[in-house]
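Step one of this worksheet: look at the structure below.
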Amino acid sequence: MSILLSHTQNEYASNITPFVHDFLAVSNFAVPFFFACSGFLFFSKVFQLQPDERFSYYKMYSIRLGKTYLAWTIIYFSFNVITWTLYGVTETELINYFHRFIVITSYPTIWFLPALWIGISIIFLLYSKGVNSRNILIISCCLYFICSMGENYNLLLQQFSIANTLIISYKTVFIAFRNGFLMGAPFVCIGYLLAVKNNISSKTSFILTLVFSVLFVFESYIIRRFHFSDYSHCGLFLFPATYFLLAFLIKFELRNRSIYIWLRNLSILTFLSQRLILTAIPGVLPQFGVYLTEMEPYSTILFVFAIVMSISIIIIKLSEKYKILKVLW
């Protein structure tokens, strides 16, 4: 939900109060935390299985992610086709679209699904091949360091000719450093490590969560203040902050309640469906995008939030009767 609010204010309500704008930056924790939680749940299940059952579970998990990604790809691609039919499309735009489709995602925001699958696959492969936890962590830290340098410090590094050439060459092919290899795998690794062992006390993990979260906020300020990059969503301190946050939260033992599953489904659907309102419909009906922009900023945020939440709740409700809708999450 924090990502929905953040995307809305960035794209349609940029003149919002600076304090609220900065507060919504908490969404930077959302995707990394999602990767880490997914890694923890995946490997917690894997460790309970017999060795000969683990690949079957990985295969089933991959198919489920793939079906959800395919379903939303079809939905959003349909809007693209309508937009291209109504307003035309150039050859360059088509090439750029399919390039991004192949290396990142079929549509903005839903990139986290293929990124999660790639991250899970990398860590699962390393684990299956007998690579020990220490080396998996080292590999993951190296990948995330590259991600952080490419995303958060790229303007700084571009002052050096060799680094600038490498960054340009990489982005020409892969477009962004924020993907399943360089971001998904490192944060999935956090979940894997905590599924293996979590011997950190709640008090220690809570304190370290605060320490590294503050350091991440400070790092983000430095990045923006000295123009190291246009983005601050892959800071170096985000990695340990996410680790200790998850380590703290999994210490709590909660009774199994149906509301938790419902909230999980709502969260995923909110994430996946938000682009209907933010991008897809405005692409087909530009006047709708103008309407969102011309509204009072807080009204825009509340309006978009209400619509996306309503869509998500309706899908959940309808899926009780039409089981096929469950593929959407």
* Qualifying positions in segment 280-329 - of a type outside the set (A, V, I, L, M, F, W, C), open to solvent by less than 40 Å² (accessible area, probe 1.4 Å) and assigned to a helix (DSSP H, G or I) -> Pro282, Gly283, Gly289, Pro297, Thr300, Ser312
* Boolean, Tyr231 is open to solvent by 30 Å² or more (accessible area, probe 1.4 Å), on the phi < 0 side of the Ramachandran plot and not in a helix (DSSP H, G or I) -> yes
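Let's see how each residue does on (1) more than 16 Å from Pro240 (Cα to Cα); (2) open to solvent by 70 Å² or more (accessible area, probe 1.4 Å):
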site: Ser106; (1), (2): yes, no
site: Thr109; (1), (2): yes, no
site: Arg134; (1), (2): no, yes
site: Ile138; (1), (2): no, yes
site: Leu143; (1), (2): no, no
site: Ser148; (1), (2): no, no
* Any residue at all in segment 113-127 that is open to solvent by 40 Å² or more (accessible area, probe 1.4 Å), under 16 Å from Ala280 (Cα atoms) and out of contact with any Leu (no Cβ under 7 Å at 6 or more places or on another chain)? -> no
* **Hits in segment 159-217 - residues which are outside any loop (DSSP other than H, G, I, E, B) and among the basic types (Lys, Arg)** => Lys171, Lys203
* To do: Consider only pairs whose beta carbons are under 6 Å apart and that are at least six residues apart or on different chains; among these, list those whose first residue lies in segment 200-221 and is more than 13 Å from Lys251 (Cβ to Cβ) and whose second residue is among the small types (Gly, Ala, Ser).
  => Phe212/Ala241; Ser213/Ala241; Phe216/Gly235; Phe216/Ala241; Glu219/Gly235; Ser220/Ser232; Ser220/Gly235
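Going by the conditions given, is Phe252 over 30 Å from Gly88 (Cβ atoms), over 19 Å from the mean Cα position of the chain (by Cα) and in a loop (DSSP other than H, G, I, E, B)?
So Phe252 passes the test.
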* Structure fact -> Heads up, the helices (runs of 4 or more DSSP H) in segment 33-139 (entirely inside) with at least 3 residues that are within 23 Å of the chain's Cα centre (by Cα) and β-branched (Val, Ile, Thr) are 51-87, 112-128
* Asked: Would segment 21-28 turn up any residue that is within 24 Å of Phe303 (Cβ to Cβ) and free of Cβ contacts under 8 Å to residues at least 12 places away in the same chain?
  -> yes
* Could you tell me whether segment 9-18 includes any residue that is farther than 23 Å from Trp329 by Cβ, surrounded by fewer than 15 Cβ atoms within 10 Å (Cβ to Cβ) and β-branched (Val, Ile, Thr)? => yes
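For segment 158-178, state whether one or more residues are hydrophobic (A, V, I, L, M, F, W, C), within 19 Å of Ala36 (Cβ to Cβ) and either open to solvent by 30 Å² or more (accessible area, probe 1.4 Å) or touching a residue at least 40 places away in the same chain (Cβ under 8 Å) (or both).
Yes: one or more hits.
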* Applying the selection to segment 10-33, what residues are at pLDDT 95 or above and among the aromatic types (Phe, Trp, Tyr)? -> Phe33
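Among Leu276, Leu236, which is the only one that is assigned to a loop (DSSP other than H, G, I, E, B), open to solvent by 20 Å² or more (accessible area, probe 1.4 Å) and within 25 Å of Ala176 (Cα to Cα)?
Of Leu276, Leu236, the one residue that is assigned to a loop (DSSP other than H, G, I, E, B), open to solvent by 20 Å² or more (accessible area, probe 1.4 Å) and within 25 Å of Ala176 (Cα to Cα) is Leu236.
The values are calculated or read from the model by the stated rules, or taken from the named source; none is laboratory data. None of these values were measured; they are calculated from a predicted model. Neighbour counts run over all protein chains shown; Cβ positions are idealised from the backbone, glycine included. Keep in mind that these areas ignore ligands, DNA and RNA; they rest on the heavy atoms of the full protein, side chains included. Shrake-Rupley method; radii C 1.70, N 1.55, O 1.52, S 1.80 Å.
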